[in-house]
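The values are calculated or read from the model by the stated rules, or taken from the named source; none is laboratory data. Since the structure is predicted, the reported quantities are computational estimates derived from the model, not experimental observations. We place every Cβ from the backbone using ideal geometry, glycine too, and count neighbours over all the protein chains shown.
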Amino acid sequence: MQKGENIVSIALAAVVLFVVLAVQRRWNPASLKNVASSAEDFIMNTTGIGGQVPDIAGYERLKAFHLGNYRAGLYRAAPAPLIFAPGRFVIYDHADQPVFKLETLEGSKDSWSAVYDFTGRHGLPVPGSRTRSSYTRDLTGNGLPDVVVGQYSGGGHCCTVATILELGKETVTPIGRIDGIDGLPFEGLDVRKLSKGTNWQCIAHRPYATACGGHFDAADVLAVFAFTDGRFQDQTVKFGDYLQEVLRQDLANWRQGKNRTMDLLQTLAVDYAVVGQKDVGKRFFALSLSQLMPSLQSHNVDPNACLDDLESLVDSVPVAGP
């Protein structure tokens, strides 16, 4: 047994030596240099051997993503303070040269940025799933893969910004930015096909608080972003059929007594408004508010101020076509 173990150890050492020599030949340390991007230099300390993305001096690598012909790394400044630290999301080409960068904010314990997983659940990988993550999809129908990057702001009860990137053969191009999305990535973003065709839509959930309560009482105001004129833009008013279905679903939830909450009531008023029934929405809200009066009183909310503020929100909502 001892002799066999020695033979294995020698063989392993030989393999390691061979890899080191090969690396030294292919990657001459003298050839490594600082790469300028967005007026900043990325100092690469590794060469991406074994599928790894390069290191950046002063940062720790949190995650790596395979994006077709590109790879991406999510980094956090090190050492990280107690709560959060600056971060970077960097996309590299096949030669490990950075071609796109986003400044991020990352939690000291958990990463706050993510890439949308199209095979996951709500854009995130399913823990324990054997399904391989897929971070690219042709969202526009032009034959090029796209990715969606979510960046959490770090604020209390705040939001995420989603950046949609097109991965061209030689360049990475931003083709959309959606801000004000509720929660961490990707709690408030759905990527779906709402109509026939090759294009996908991004549905953003945005909380709008009124005098009726705080963040958890806010209305969920939907915005549908569709690809038009070379970018993903707010095209909510063109998806009336989908918004009618949202109204029906929210009404069904309201009919279940346990779901009668301030956030759903305000959301319903907005649902009515966006499909062209603003007066119906205001009346529904006013008649149903009495059911939530104990909650208003316990939070010292003036019912009249609540009504007035809600009506202002409803009046500001654009109306979708049929």
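Side notes on the structure shown:
- Checked across region 117-132, the condition of being among the hydroxyl-bearing types (Ser, Thr, Tyr) and under 23 Å from ASP234 (Cβ atoms) holds for no residue.
- One residue alone among ASP96, ASP117 is assigned to a loop (DSSP other than H, G, I, E, B), closer than 16 Å to ALA64 by Cα and either among the hydrophobic types (A, V, I, L, M, F, W, C) or touching a Leu at 6+ places or on another chain (Cβ under 8 Å) (or both), and that residue is ASP117.
- The conditions of being in contact with a strand residue (DSSP E or B) (Cβ under 7 Å, 6 or more places away or on another chain) and either part of a helix (DSSP H, G or I) or at pLDDT 95 or above (or both) are met by LEU222.
- Search result, residues across region 124-146 that are touching a Pro at 6+ places or on another chain (Cβ under 9 Å) and modelled with pLDDT under 95: LEU124, THR131, SER133
- Out of GLY176, GLY180, GLY155, GLY197, sole residue that is assigned to a strand (DSSP E or B), at pLDDT below 95 and either within 29 Å of VAL274 (Cα to Cα) or not assigned by TED's automatic domain parsing to the domain that holds VAL270 (or both): GLY180
- Tabulated pairs, region 269-281, first in the same structural domain as PRO322 (by TED's automatic domain parsing), second of a type in the set (S, T, N, Q) and modelled with pLDDT of 95 or more, C-beta under 8 angstrom, 6+ apart or interchain: VAL274/THR236; VAL275/GLN244
- Residue match in region 103-122 (condition: surrounded by fewer than 21 Cβ atoms within 10 Å (Cβ to Cβ), among the charged types (D, E, K, R) and in contact (Cβ under 8 Å) with a residue 24 or more places away in the chain): no
- Single condition THR198 does not satisfy, out of (1) over 27 Å from THR267 (Cβ atoms); (2) of a type in the set (Val, Ile, Thr); (3) under 17 Å from the mean Cα position of the chain (by Cα): (3)
- The selection criterion, being surrounded by 21 or more Cβ atoms within 10 Å (Cβ to Cβ) and over 12 Å from the mean Cα position of the chain (by Cα), does not hold for THR171.
- In summary, ASP182 fulfils each of the numbered conditions (1) buried (at least 19 other Cβ atoms within 10 Å of the Cβ); (2) closer than 26 Å to VAL99 by Cα with the single exception of condition (2).
- Just one of the listed residues (GLY230, GLY257, GLY276, GLY240) is among the small types (Gly, Ala, Ser) and modelled with pLDDT under 95, namely GLY257.
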